[in-house]
1. Out of the residues in the range 24-75 that are within 13 Å of ligand 1 (Cβ to nearest atom) and of a type in the set (K, R), state the one that is nearest to Y330 (Cα to Cα).
2. For L166, all conditions in the list (1) part of a loop (DSSP other than H, G, I, E, B); (2) in contact with an Asp or Glu (Cβ under 9 Å, 6 or more places away or on another chain); (3) of a type outside the set (V, I, T) hold save one; what is the number of the exception?
3. Looking at the range 244-283, which of its residues are assigned to a loop (DSSP other than H, G, I, E, B), under 18 Å from A611 (Cα atoms) and of a type in the set (S, T, Y)?
4. Pull up the range 570-621, narrow it to residues that are part of a helix (DSSP H, G or I), more than 23 Å from A338 (Cα to Cα) and within 16 Å of ligand 2 (Cβ to nearest atom), then point me to the one that is most open to solvent (accessible area, probe 1.4 Å).
5. What number goes with the only condition from (1) within 16 Å of A470 (Cα to Cα); (2) open to solvent by 10 Å² or more (accessible area, probe 1.4 Å) that L404 does not pass?
6. Which of the residues spanning the range 502-520 are open to solvent by 30 Å² or more (accessible area, probe 1.4 Å) and in a loop (DSSP other than H, G, I, E, B)?
7. Among the listed residues L326, L382, which satisfies the condition of being in a strand (DSSP E or B) and either more than 16 Å from ligand 2 (Cβ to nearest atom) or assigned by TED's automatic domain parsing to the domain that holds E496 (or both)?
8. Please pick out the residue among V337, V381, V322, V371 that is more than 30 Å from S499 (Cα to Cα) and either within 21 Å of the chain's Cα centre (by Cα) or surrounded by fewer than 22 Cβ atoms within 10 Å (Cβ to Cβ) (or both).
Amino acid sequence: DPQDRRYGYAFTNCTNCGPRFSIINDIPYDRPNTEMRHFTMCPECSREYHEPADRRFHAQPNACPVCGPSLMLEDGAPIGRGEEIRAAAEALQEGRILALKGLGGYQLLCDARNDDSVRRLRERKHREEKPLALMFPDLEMIRRFCTVDAEEEQLLQSFATPIVLLAKREGTGLAPSVAPGNPNLGAMLPYTPLHHLLMAELDFPVVCTSGNLYDEPIATTNQEARTKLGPIADVFLSHDRPIARHMDDSVVRRTTRGTQYFRRARGYAPLPLYHKREMPNVLAVGAHYKNTIAIAFGKQTILSQHIGDLSTPEAHRAFARVVEDLPRLYDFTPEVVACDLHPDFLSTQYAESLGLPLVKVQHHHAHVAAVMAEHEPEGPVLGIAWDGTGLGTDDTIWGGEFLLCEKGGFERVAWLDTFPLPGGDAAIQEPRRSTLGLLHRAKLKADFPHGFAGDELALVRQALEKGVNAPLTSSVGRLFDGVAALLGLRQITTFEGQSAMTLEFTAAGRLGEPYPFEVDTTIDWQPMLGAILKDRDHGVAVSDIAARFHGTLVEVMAAVARRVGVRQVVLSGGCFQNRLLYEGGAARLEGAGFTVLLPKQLPPNDGAIAAGQAWVAGWGR
Ligand SMILES: [Zn+2]
Ligand SMILES: [Zn+2]
């Protein structure tokens, strides 16, 4: 309605919509406690705000072009007021990179059909291959680029408007560099008036990714954006409404087991989990990767928004902000602090600095406990916690764990037989190191295209022979790495989980006949590795080997569960982002008569660790 006083205005909202968590500074949620305090309502807006019959009655962010936040376009060229959005759209059409001040931080946008633009964005952002999410003008266009079922459409259009992982269609003209080697696409719809107005000017999808360098937290202030994103973006579309706290886009997907959350942030955070039992006041600080924090009090646990990997000073600052901010919003004072066992984690060091009673929770125990906090099962559960890395109680690196858990305690009843990781943490980026560790442990010799120079290889072999700088691990994530590199799929990764994803995609959605393995207290994978090597050397298709590898792991779950004999089984840990393990494992276990408990509201990955830590600490020491 061009006659409306808010026509084309980017900060329109009513009582039922609009920002909340991204603008609130303190409780109660009233305008003086939000970032809207900087904007005094004009007489028109004030009348709406105070009129109970008005749809904007007590809408805290109520505003209009006269009194509210305004847009600014910055690319050097002066531009008429009201022209900012059209000019930003033109910049995108011309293949330029736009930094857009979104709801919970800046985003970087470019034409998703333009491979040059996408590559330039990747290069400048130092994000080599990790898939980039897309924003589409409407659902109709998503259907052209992806296959979408009714439930996925619902998710896309839900109040939270998350990024939904969808199966990518071929031949749509999408730039190959958007999600290289990945059959899926992260898609979302516009979710603020500003996004709607911008996308309405476009007839193509745009890459829409967090405004940050590599994996740093998303930039929220105009100043930070100019410093950090200046070298990345060609054009800035920003505004003068401050962002109270950073909030990334949430990431979800549909599975046969319901919605699976990969990242809980905008629209889903803070997440309250409601319990039957009373909790002491616990502050849980999470782990290192995909960090979130949690506070527990009364009969609930509140999980913060996604903070990210605590590897950079920026991430440390974001962590410090959230750990101060979340308790304040809930008027919460901790009595107990819970953290990981790892002494070097920033989160652990922070927890230790508080001088409060401290509960250190083993990483995989926390994974299982998070699911227990959701379901509150009666009696013991067998927790299958599979991921990349977590410090164990015996100073080895765990990650292929079967933990018998009850209340706040656990017993490690089975695990993947250990193998050495030459170079330690270097193995996380270099799957080929896991392969050499596996082969060494199994006393097998095999050629594979590892790409090590002669002297490098000699050093790795020396580390293995002498057992120096070659910590032992029982990690399923590293087993995935080792097999992927052995099959020639991936020697070096550019983002966490990349080689495991490649192996999953190679299996093309199939669970093959299991390879042989032995189950005792440890799971002996050596018969499987030998068989994989034989298949590979006999020219069996890599996709068939990958399918059988997944089939083996699913069978391992059932075999250990039968051996332990506890009826309830929990699946948790980053490996269960793998659809074959998540859906296939749950189905196999149920088929064998077990009750399977899955992360329902929480992510399977380390984003749930804080909730598990809080749950364990809640049982007392
Ligand atoms: Zn106004
Ligand atoms: Zn983990």
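1. R31
2. (1)
3. S250, Y268
4. In the first step, residues of the range 570-621 are kept if they are part of a helix (DSSP H, G or I); the result is 574-577, 579-591, 606-617.
Retained after the next criterion (residues that are more than 23 Å from A338 (Cα to Cα)): 575-577, 579-591.
Now narrow it down to the ones that are within 16 Å of ligand 2 (Cβ to nearest atom): 575-577, 581-582.
Values: C575: 16, F576: 1, Q577: 53, L581: 0, Y582: 1 Å².
Taking the candidates together, the pick is Q577.
5. For L404, the exception is condition (1).
6. Of everything in the range 502-520, those that are open to solvent by 30 Å² or more (accessible area, probe 1.4 Å) and in a loop (DSSP other than H, G, I, E, B) turn out to be A508, G509, R510, L511, E513, P514, P516, F517, D520.
7. Numbers: L326 fails: in a strand (DSSP E or B).
Testing whether each residue is in a strand (DSSP E or B) and either more than 16 Å from ligand 2 (Cβ to nearest atom) or assigned by TED's automatic domain parsing to the domain that holds E496 (or both) leaves just L382.
8. Of the residues listed, the single one that is more than 30 Å from S499 (Cα to Cα) and either within 21 Å of the chain's Cα centre (by Cα) or surrounded by fewer than 22 Cβ atoms within 10 Å (Cβ to Cβ) (or both) is V322.
The values are calculated or read from the model by the stated rules, or taken from the named source; none is laboratory data. Bear in mind the structure is a predicted one, so any value in this text is a computation, not a measurement. For neighbour counting, all protein chains shown are included, and Cβ atoms are generated from backbone atoms with ideal geometry for every residue, glycine included. The accessibility values were calculated without ligands, DNA or RNA, using every heavy atom of the protein model including side chains. Shrake-Rupley method; radii C 1.70, N 1.55, O 1.52, S 1.80 Å.
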